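Data first, discussion second: the structure below is written as structure tokens.
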Amino acid sequence: MTITPDDVRRTLADRITSGQYRPGQRLGDERRLAADLGVSRATIRLALAGLAESGMVRRVPGRGGGTFVAKGKIERDLSRIVGVPALLRSQGVVAGTRVLSARLAEPGDVAAQALRTRPGELVVDLVRIRLADGSPFSLENCKLPAKRFPGLLELPLGGSVYELIEDHFEVRPAKATERIEVVLAAPDEAMILDIEPGAPLLAITRTVTDADGEPIEFSRDLFRADRTRIVVTTEGPGSAQATAANRARVVELRAQVAG
């Protein structure tokens, strides 16, 4: 019986999902895998290409490279507003942060419109790298109205901004409008996120308001597409008519805070 590349791909996928191969583990080289599975190196090469395309493994070229089991994807639930540290902790992932810059700045036209700032008003401009189990997961740039949150820059900014503004200013996020698109990583973004230039990223642009409808945050976050899965929970009749009515429309993903 001939063993096809799909057979080998399924065998290796089963080993990954069963935990025999752990996230981040380097698989054997093609020669060793071929001998282990009793197939040619060409068959192994095609099987690994299929696994890489599905995101189960990543292939690193050059000396010291090889094929590695991809780290598990982190679910980004757009049905609720939650800071990245809490999101990671809820999935058993160790959260970390590197603050790249924190300053007062002019908001720019798009952020000024989203935050409804007046001419001359400044924003707290915060750029951070979020880490998941020690490796870069996302690059975020959030802006908050400085007038509403005086002294924010003097607080520790390595955790959740939402928790900070609730604890120190008694402001809670109540609603978020998020827009998602796929973009390609620029060279500087790729370097920061430890990926190849041109790799896909999920760009999420978010405007958050409080219970009174006043904007409190405008941000643009870049998530590694190879480590992120978007989850949305919706409720409704789900009829064919409703589905048809929503076709060809831009969908804004909104998250509502419970309680």
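The values are calculated or read from the model by the stated rules, or taken from the named source; none is laboratory data. Since the model is a prediction, treat every value here as computed from it, not as a measurement. Note that we place each Cβ from the backbone using ideal geometry, even for glycine, and neighbour counts take in every protein chain shown.
Quick one: which residue in L164, L201, L222, L193 is hydrophobic (A, V, I, L, M, F, W, C) and more than 14 Å from the chain's Cα centre (by Cα)?
After ruling out the rest, the residue left standing is L164.
Conditions (1) without any contact (Cβ under 8 Å) to a residue 24 or more places away in the chain; (2) over 24 Å from F223 (Cβ atoms); (3) not assigned by TED's automatic domain parsing to the domain that holds D133, marked per residue:
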{"position": "L12", "(1), (2), (3)": "no, yes, yes"}
{"position": "T17", "(1), (2), (3)": "yes, no, yes"}
{"position": "Y21", "(1), (2), (3)": "no, yes, yes"}
{"position": "G28", "(1), (2), (3)": "yes, yes, yes"}
{"position": "A35", "(1), (2), (3)": "yes, yes, yes"}
{"position": "A52", "(1), (2), (3)": "yes, no, yes"}
{"position": "R59", "(1), (2), (3)": "yes, no, yes"}
{"position": "S79", "(1), (2), (3)": "no, no, no"}
{"position": "G83", "(1), (2), (3)": "no, no, no"}
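Of the conditions (1) exposed (fewer than 13 other Cβ atoms within 10 Å of the Cβ); (2) part of a helix (DSSP H, G or I), L48 clears all except one; give me its number.
Here L48 meets the rest and fails (1).
Pick out the one residue from V82, V69, V60 that is among the hydrophobic types (A, V, I, L, M, F, W, C), surrounded by fewer than 14 Cβ atoms within 10 Å (Cβ to Cβ) and within 26 Å of the chain's Cα centre (by Cα).
V60
Just need a number here: residues in the range 112-127 that are surrounded by 18 or more Cβ atoms within 10 Å (Cβ to Cβ) and under 12 Å from K147 (Cα atoms).
Within the range 112-127, residues that are surrounded by 18 or more Cβ atoms within 10 Å (Cβ to Cβ) and under 12 Å from K147 (Cα atoms) number 4.
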